[in-house]
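This report concerns only the one structure given below.
The values are calculated or read from the model by the stated rules, or taken from the named source; none is laboratory data. The model shown is predicted, which means the values in this text are computed figures rather than measured ones. Don't worry about glycine lacking a Cβ; one is built from the backbone with ideal geometry, like all the others, and counts go over all protein chains shown.
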Amino acid sequence: MKVFLDTEFTDLVPDNKLISIALVAEDGRHFYAELTDTYERCECSDFCMNFVLPFLRGGEYRMTSAECALKMAAWIEDLEQPVLFAMDNLSWDYPHLKRLLDKCEPWPENIIKNDYFKFVIMDDVTNRIVKDFGLDIHNALDDARAMYLANLSGEIWEV
(Lines give C-alpha, C1' and ligand atoms only; values in the text may rest on other atoms or scores of the structure.)
Protein backbone atom coordinates (compact mmCIF):
# COMPACT_ATOMS: atom_id res chain seq x y z
CA MET A 1 0.00 0.00 0.00
CA LYS A 2 1.33 3.44 -0.90
CA VAL A 3 1.39 5.92 1.96
CA PHE A 4 1.77 9.53 0.84
CA LEU A 5 4.19 11.50 3.01
CA ASP A 6 4.57 15.23 3.43
CA THR A 7 6.38 17.35 5.99
CA GLU A 8 6.63 21.03 6.81
CA PHE A 9 9.83 22.39 8.31
CA THR A 10 11.49 25.63 9.35
CA ASP A 11 13.50 26.52 6.24
CA LEU A 12 15.05 25.18 3.04
CA VAL A 13 18.43 24.54 4.66
CA PRO A 14 20.12 21.20 5.40
CA ASP A 15 19.66 21.39 9.17
CA ASN A 16 16.01 22.45 9.11
CA LYS A 17 13.68 21.45 11.93
CA LEU A 18 10.47 19.46 11.55
CA ILE A 19 7.22 21.30 12.25
CA SER A 20 4.59 18.83 11.05
CA ILE A 21 4.26 15.47 9.32
CA ALA A 22 1.38 13.76 7.53
CA LEU A 23 0.78 10.33 6.08
CA VAL A 24 -2.23 9.48 3.89
CA ALA A 25 -2.77 5.84 2.92
CA GLU A 26 -4.18 4.73 -0.42
CA ASP A 27 -7.39 3.77 1.37
CA GLY A 28 -7.80 7.35 2.67
CA ARG A 29 -6.79 6.85 6.31
CA HIS A 30 -4.44 9.51 7.60
CA PHE A 31 -1.98 10.40 10.35
CA TYR A 32 -1.07 14.00 11.14
CA ALA A 33 1.10 15.54 13.85
CA GLU A 34 2.42 18.97 14.73
CA LEU A 35 5.60 18.82 16.78
CA THR A 36 5.96 20.88 19.95
CA ASP A 37 9.61 20.18 20.80
CA THR A 38 11.56 20.27 17.55
CA TYR A 39 11.79 23.96 16.63
CA GLU A 40 11.52 27.52 17.89
CA ARG A 41 9.65 30.23 15.98
CA CYS A 42 12.89 32.22 15.70
CA GLU A 43 14.31 29.37 13.53
CA CYS A 44 11.53 29.75 10.96
CA SER A 45 12.13 31.46 7.65
CA ASP A 46 9.88 34.32 6.56
CA PHE A 47 8.19 31.92 4.16
CA CYS A 48 7.51 29.48 6.99
CA MET A 49 6.15 32.25 9.23
CA ASN A 50 3.78 33.46 6.50
CA PHE A 51 2.79 30.28 4.66
CA VAL A 52 3.27 27.29 7.01
CA LEU A 53 2.63 28.30 10.62
CA PRO A 54 -0.74 30.00 9.89
CA PHE A 55 -2.07 26.69 8.51
CA LEU A 56 -1.24 24.52 11.51
CA ARG A 57 -4.36 22.97 13.03
CA GLY A 58 -3.30 22.73 16.70
CA GLY A 59 -5.40 20.92 19.29
CA GLU A 60 -5.20 17.13 19.28
CA TYR A 61 -2.51 17.20 16.58
CA ARG A 62 0.11 18.88 18.83
CA MET A 63 2.56 16.42 20.38
CA THR A 64 6.21 15.86 21.18
CA SER A 65 8.44 14.12 18.69
CA ALA A 66 8.59 11.04 20.95
CA GLU A 67 4.79 10.86 21.12
CA CYS A 68 4.59 11.37 17.38
CA ALA A 69 7.06 8.57 16.70
CA LEU A 70 5.12 6.07 18.81
CA LYS A 71 1.70 7.08 17.46
CA MET A 72 2.92 7.11 13.88
CA ALA A 73 4.55 3.68 14.21
CA ALA A 74 1.33 2.27 15.68
CA TRP A 75 -0.70 3.87 12.88
CA ILE A 76 1.60 2.31 10.25
CA GLU A 77 1.37 -1.12 11.91
CA ASP A 78 -2.44 -0.83 11.99
CA LEU A 79 -2.47 -0.63 8.19
CA GLU A 80 -1.68 -4.37 8.26
CA GLN A 81 -0.29 -4.28 4.71
CA PRO A 82 3.20 -3.72 3.35
CA VAL A 83 3.79 0.05 3.30
CA LEU A 84 5.65 1.82 0.50
CA PHE A 85 6.20 5.51 1.21
CA ALA A 86 5.35 7.85 -1.65
CA MET A 87 6.61 11.40 -1.75
CA ASP A 88 7.32 14.22 -4.12
CA ASN A 89 10.51 15.38 -2.41
CA LEU A 90 12.65 12.56 -1.08
CA SER A 91 15.53 14.77 0.07
CA TRP A 92 13.36 16.92 2.36
CA ASP A 93 10.62 14.57 3.58
CA TYR A 94 12.24 11.16 4.04
CA PRO A 95 14.98 12.23 6.51
CA HIS A 96 12.34 13.61 8.90
CA LEU A 97 10.30 10.40 8.69
CA LYS A 98 13.43 8.33 9.28
CA ARG A 99 14.50 10.39 12.32
CA LEU A 100 11.08 9.92 13.89
CA LEU A 101 10.90 6.18 13.21
CA ASP A 102 14.45 5.72 14.51
CA LYS A 103 13.13 6.88 17.90
CA CYS A 104 11.03 3.72 18.14
CA GLU A 105 13.36 1.02 16.79
CA PRO A 106 12.59 -1.43 15.48
CA TRP A 107 10.58 0.15 12.69
CA PRO A 108 7.12 -1.29 12.06
CA GLU A 109 7.59 -4.63 10.30
CA ASN A 110 5.19 -3.80 7.47
CA ILE A 111 7.37 -0.97 6.11
CA ILE A 112 9.11 -1.84 2.87
CA LYS A 113 12.55 -0.55 3.84
CA ASN A 114 15.03 1.04 1.46
CA ASP A 115 12.36 1.43 -1.20
CA TYR A 116 10.00 4.27 -1.92
CA PHE A 117 7.86 5.74 -4.66
CA LYS A 118 9.04 9.17 -5.82
CA PHE A 119 6.79 11.08 -8.15
CA VAL A 120 5.97 14.42 -9.70
CA ILE A 121 2.66 16.26 -9.72
CA MET A 122 2.37 19.10 -12.20
CA ASP A 123 1.66 22.48 -10.57
CA ASP A 124 -1.59 22.93 -12.50
CA VAL A 125 -2.86 19.58 -11.14
CA THR A 126 -1.92 20.53 -7.58
CA ASN A 127 -3.54 23.96 -7.94
CA ARG A 128 -6.76 22.41 -9.29
CA ILE A 129 -6.93 19.81 -6.50
CA VAL A 130 -6.24 22.44 -3.81
CA LYS A 131 -9.02 24.62 -5.22
CA ASP A 132 -11.54 21.81 -5.89
CA PHE A 133 -11.17 20.26 -2.44
CA GLY A 134 -10.59 23.43 -0.38
CA LEU A 135 -7.15 22.35 0.79
CA ASP A 136 -4.53 24.54 2.45
CA ILE A 137 -1.30 24.37 0.51
CA HIS A 138 1.72 24.14 2.86
CA ASN A 139 -0.23 22.22 5.47
CA ALA A 140 1.37 18.76 5.57
CA LEU A 141 -1.95 16.92 5.86
CA ASP A 142 -3.56 18.79 2.98
CA ASP A 143 -0.43 18.41 0.84
CA ALA A 144 -0.42 14.64 1.48
CA ARG A 145 -4.15 14.56 0.68
CA ALA A 146 -3.45 16.38 -2.59
CA MET A 147 -0.92 13.65 -3.47
CA TYR A 148 -3.45 10.98 -2.56
CA LEU A 149 -6.11 12.65 -4.74
CA ALA A 150 -3.69 13.07 -7.66
CA ASN A 151 -2.86 9.37 -7.36
CA LEU A 152 -6.57 8.46 -7.43
CA SER A 153 -7.02 10.42 -10.63
CA GLY A 154 -3.82 9.05 -12.21
CA GLU A 155 -2.20 12.48 -12.32
CA ILE A 156 1.15 11.65 -10.72
CA TRP A 157 4.22 10.46 -12.60
CA GLU A 158 6.92 8.27 -11.14
CA VAL A 159 10.49 9.52 -11.42
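Of everything in segment 46-80, what is modelled with pLDDT of 95 or more, more than 20 Å from residue 142 (Cβ to Cβ) and not in a helix (DSSP H, G or I)? Give them in sequence order. Once the filter is applied, which keeps residues that are modelled with pLDDT of 95 or more, more than 20 Å from residue 142 (Cβ to Cβ) and not in a helix (DSSP H, G or I), segment 46-80 yields 64, 79. Note on segment 81-93: residues that are assigned to a helix (DSSP H, G or I) and of a type outside the set (D, E, K, R) total 3.
Scanning segment 60-110 for residues that are farther than 22 Å from residue 14 by Cα and charged (D, E, K, R) turns up 60, 62, 67, 71, 77, 78, 80, 105, 109. I'd like to check something: does segment 15-23 contain any residue that is at pLDDT below 95 and surrounded by fewer than 17 Cβ atoms within 10 Å (Cβ to Cβ)? Among the residues of segment 15-23, at least one is at pLDDT below 95 and surrounded by fewer than 17 Cβ atoms within 10 Å (Cβ to Cβ), which makes the answer yes. In segment 104-159, the residue that is surrounded by the most Cβ atoms within 10 Å (Cβ to Cβ) out of those that are part of a strand (DSSP E or B) and touching a strand residue (DSSP E or B) at 6+ places or on another chain (Cβ under 6 Å) is 111. Candidates are the residues of segment 28-45 that are part of a helix (DSSP H, G or I) and loosely packed, with under 15 Cβ neighbours inside 10 Å; the one that is farthest from the chain's Cα centre (by Cα) is 42.
Pairs are defined by a Cβ separation below 7 Å, a sequence spacing of at least 6 or placement on different chains, a first member in segment 101-122 that is within 17 Å of residue 144 (Cβ to Cβ), and a second member that is part of a helix (DSSP H, G or I); the pairs so defined are 101/69; 101/73; 111/76; 116/90; 116/94; 118/90; 121/147; 121/150. Contact map, segment 71-84: residues that are closer than 14 Å to residue 109 by Cβ and free of Cβ contacts under 8 Å to residues at least 60 places away in the same chain paired with residues that are in a helix (DSSP H, G or I) and hydrophobic (A, V, I, L, M, F, W, C), Cβ distance under 7 Å, separation 6+ or inter-chain. Pairs shown: 73/101. The set of residues in segment 1-27 being closer than 20 Å to residue 58 by Cβ and not in a strand (DSSP E or B) consists of 10, 17. All conditions but one from (1) small (Gly, Ala, Ser); (2) within 16 Å of the chain's Cα centre (by Cα); (3) surrounded by fewer than 12 Cβ atoms within 10 Å (Cβ to Cβ) apply to residue 65; the one that does not is (3).
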